[in-house]
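Single-structure report; data block below.
The values are calculated or read from the model by the stated rules, or taken from the named source; none is laboratory data. If you're wondering where the values come from, they're calculated on a predicted model, not measured in any experiment. Glycine also receives a Cβ, built like all others from the backbone with ideal geometry; neighbour counts cover every protein chain displayed.
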Amino acid sequence: MTSLRTLFAKPWIWSFLAAAGVWLVTIVFTGGASAAGLSQAALTFAAFSIIVGIGQMFVITLGPGNVDLSIPATMTLAGTVALKIMDSSNGLILMGLLVTLLIGLAIGIINYALIKLLRIPPIIATLSSSFIIQSAAISYNRGLRIKPPSALAEFTTATTLGIPNLAYLALAVSVAAWVALEKGIYGRWVSAVGQNMRAARMAGVPVDGVRAATYLLCAVLAALAGLLLSCFSGGAALNMGAEYLLTSIAVVVIGGTAVAGGFANVPGIWGASLFLFLVVSMLNTYGAAAGIRLLLTGTIIIAVIIAASRRPRT
């Protein structure tokens, strides 16, 4: 009983329970015929939410007001530019990855420069930069849809031992994030800044450097997710990152990360990402109209957040 009580005290457990419940309802409705396919699809599409969600999680952990709204535009620009540079050639994959990294770093620098130098609130700064980034993507793309290199296309759509390759990649990012938060000095600094920025500064924490590094990290992960999504879908589209604006925030909140800052939760990102995909899949299975899907999805999300908020964070 004690172990169960300890387990249910974990804020991330509620997102996993919700995901398991939705998965079970969907499987029962389909008579179990779609169990394997649904599980693989959930792991595949959740991987994108996990990667961008982890970046957003670090930003939100910095404290109230910190959020990155440039994630969708960053994904679009990175996917568009990288595919055009690689030009469907496997020999240019490393160049495409390098460009993706540089785009993420550049956008992260721009975002934090707007926040720090111009003293613009993060939500306004990143929203403003997103318009510039999206305009750059539109100008660079000009309606072209270039196919990704075959090696990247195969990697993003293939499975290994029955598990999607994208899920392994998301797991690697998650493990690195967990180690940084739980074992690394950077993670302790992020939590300290989020708990009390003034106290962290007085304690010797390089607050400005930590905040800058966090916005850079978020932008780099968004750029990586954009490249992977464009390769998975067979090309970059100008609206491909749109759904990840609210999703990147929702998976953080549902996953148990404190919106007020100072507390991050990596496992919860997985449960929340799987949950959000499975909710949409379940409602599509039942043939629910778009309005009903949105209403029920919002209601379920609120219920999960309320359930998680009633448990102490440990």
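Of the residues that make up the range 238-245, is at least one among the polar types (S, T, N, Q), assigned to a loop (DSSP other than H, G, I, E, B), modelled with pLDDT under 90 and within 17 Å of the chain's Cα centre (by Cα)?
Checked the range 238-245: at least one residue is among the polar types (S, T, N, Q), assigned to a loop (DSSP other than H, G, I, E, B), modelled with pLDDT under 90 and within 17 Å of the chain's Cα centre (by Cα).
Could you tell me whether the range 264-284 includes any residue that is assigned to a loop (DSSP other than H, G, I, E, B), under 18 Å from the mean Cα position of the chain (by Cα) and surrounded by 18 or more Cβ atoms within 10 Å (Cβ to Cβ)?
Yes, there is a match, as at least one residue in the range 264-284 is assigned to a loop (DSSP other than H, G, I, E, B), under 18 Å from the mean Cα position of the chain (by Cα) and surrounded by 18 or more Cβ atoms within 10 Å (Cβ to Cβ).
Results for (1) closer than 23 Å to ILE138 by Cα; (2) crowded, with 21+ Cβ neighbours inside 10 Å, shown as yes or no for each residue.
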| site | (1), (2) |
| --- | --- |
| ILE54 | no, yes |
| PRO64 | no, no |
| PRO72 | yes, yes |
| LEU77 | yes, yes |
| MET86 | yes, yes |
| LEU97 | yes, no |
| ILE107 | yes, yes |
| ALA113 | no, no |
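When the range 1-29 is examined, which residues are found to be hydroxyl-bearing (Ser, Thr, Tyr) and at pLDDT 70 or above?
Residues satisfying the conditions are SER15, THR26.
With ALA200, ALA219, ALA250 as the choices, which residue is of a type outside the set (Val, Ile, Thr), modelled with pLDDT of 95 or more, assigned to a helix (DSSP H, G or I) and at negative phi?
So the residue among ALA200, ALA219, ALA250 that is of a type outside the set (Val, Ile, Thr), modelled with pLDDT of 95 or more, assigned to a helix (DSSP H, G or I) and at negative phi is ALA219.
Answer yes if at least one residue in the range 105-113 is farther than 23 Å from ALA151 by Cα, in a loop (DSSP other than H, G, I, E, B), in contact with a helix residue (DSSP H, G or I) (Cβ under 7 Å, 6 or more places away or on another chain) and without any contact (Cβ under 8 Å) to a residue 60 or more places away in the chain, and no otherwise.
No, every residue in the range 105-113 fails to be farther than 23 Å from ALA151 by Cα, in a loop (DSSP other than H, G, I, E, B), in contact with a helix residue (DSSP H, G or I) (Cβ under 7 Å, 6 or more places away or on another chain) and without any contact (Cβ under 8 Å) to a residue 60 or more places away in the chain.
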